[in-house]
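Input: a single structure, listed below in structure tokens.
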Amino acid sequence: MLSGIDRLLQDPTLRAPLTGKRIALLAHPASVTKDLTHSLDALANLSDINLTAAFGPQHGLRGDKQDNMMESPDFVDPTLGIPIFSLYGEVRKPTDAMMATFDVLLVDLQDLGCRIYTFITTLRYILEAAANHQKAVWILDRPNPAGRPIEGLTLRAGWESFVGAGAMPMRHGLTMGELALWFIDTLALDVDCHVITMQNWQPNAAPGYGWPLGDKVWINPSPNAPNLWMTRCYAGTVLLEGTTLSEGRGTTRPLELFGAPDLDPKAIIKTMQNLAPVWLTGCHLRECWFEPTFHKHAGQLCAGIQIHAEAPFYQHESFYPWRLQSLAFKAIRQLLPDYPLWRDFPYEYELDRLAIDVINGSSLLREWVDDSNAVPEDLDFLTQADERAWAEIRQAFLLY
């Protein structure tokens, strides 16, 4: 399997339209070639590429900022002598001055296949800015490691945010190249956009189901995305960021487990099984105990649950991480009706909405959890309609 950057590097004919143009790159720590050279360095070594700038999204171009709302500064690359602009610092959208530094922007970002992952929003902002400034954008496509499954409620109108770039479900099942095409169509953008597609990507092939296990090394695209199993869980466990429960930040298995000092994992798992056993398929839930070294409940022993979405338990088509995590909240609410579950704090610069609602793109999930009369079938009724609609919409943008 060859990603977009590898194809661009190997084939001079693909690069020919870039000759004589000023080139910029949008990348992060996982933007590496097949031999693990950072894409910025690989492009800088080409005599026919004139690099004039680079951009870093949330967490930075090369370095890692651990948490949300931790900004990266602009700087000048000490080796290449070009400006490195942060799109998660003083601005989220590129400024006129930033856009003036290039003719063509290459976008090489490894996504996780989840709506809330902010690289998607940065992609949208870049495409909008390119349309306004008549700049070209080339997407160097990469795998969606979560594969093609669709899951979750669609973001509702008026709920757009930096973690909600558009009306898609939590698990969208598209690559960055495909998402670019969807954004251009949905937003009616007049922009010169070209996708350098992957070679031999098989999104439904075992055992990776989206990620070419054994053929491609995993590099953290963000600090708390340490492996493929986390990626599979992420569309559900990211909901924990809007709660008082630890999502495992400050441990070695972030976003694969959750807990708090005052929980009873055995009772939670039993209640989940009683409420909706089909939502727990495709993985294994295990009681665990952990002590975060930082973040929520730092230095406290937490009783929790780890979601095992790796062999031999993982079943790709029957794993429902968004439903599973939602069901855990429902079980906690049933066992502890007054538990302070929802975390009230500024989340990705949204100051007047609960974080759980910003993450979900509406208040629908929280209302279902808090409604003592609501049952799993009620949430399924809403969600399945959204999932069916998205399956039809995205069909026109699939490249593989």
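The values are calculated or read from the model by the stated rules, or taken from the named source; none is laboratory data. Every value quoted in this text rests on a predicted model; they were computed, and no experiment measured them. Here Cβ is always computed from backbone atoms with ideal geometry, including for glycine, and neighbour counts include all displayed protein chains. Accessible surface is based on the protein model in full, side chains and every heavy atom, while ligands, DNA and RNA are left aside. Shrake-Rupley method; radii C 1.70, N 1.55, O 1.52, S 1.80 Å.
A few comments on the model shown:
- Lone unmet requirement of (1) in contact with a helix residue (DSSP H, G or I) (Cβ under 7 Å, 6 or more places away or on another chain); (2) in contact (Cβ under 8 Å) with a residue 12 or more places away in the chain; (3) open to solvent by 30 Å² or more (accessible area, probe 1.4 Å) for L301: (1)
- A single member of G20, G81, G56 is without any contact (Cβ under 8 Å) to a residue 12 or more places away in the chain and either open to solvent by 10 Å² or more (accessible area, probe 1.4 Å) or under 30 Å from G152 (Cα atoms) (or both), and it is G81.
- Scan of the stretch 374-392 for residues that are hydrophobic (A, V, I, L, M, F, W, C) and either buried (at least 16 other Cβ atoms within 10 Å of the Cβ) or farther than 26 Å from M198 by Cα (or both), ordered by number: A374, V375, L379, F381, L382, A385, A389, W390
- Residues satisfying the stated conditions in the stretch 99-130, i.e. closer than 25 Å to E350 by Cα, out of contact with any His (no Cβ under 8 Å at 6 or more places or on another chain) and part of a helix (DSSP H, G or I): I120, T121, T122, L123, R124, Y125, I126, L127, E128, A129
- Yes/no for S362 being part of a loop (DSSP other than H, G, I, E, B) and open to solvent by less than 10 Å² (accessible area, probe 1.4 Å): yes
- Counted residues, the stretch 183-193 - those being open to solvent by 10 Å² or more (accessible area, probe 1.4 Å) and under 20 Å from L155 (Cα atoms): 5
- Filtered residue count, the stretch 131-171, keeping only those that are farther than 25 Å from R7 by Cα and in a loop (DSSP other than H, G, I, E, B): 20
- Residue match in the stretch 143-165 (condition: modelled with pLDDT of 95 or more, more than 26 Å from L354 (Cβ to Cβ) and polar (S, T, N, Q)): yes
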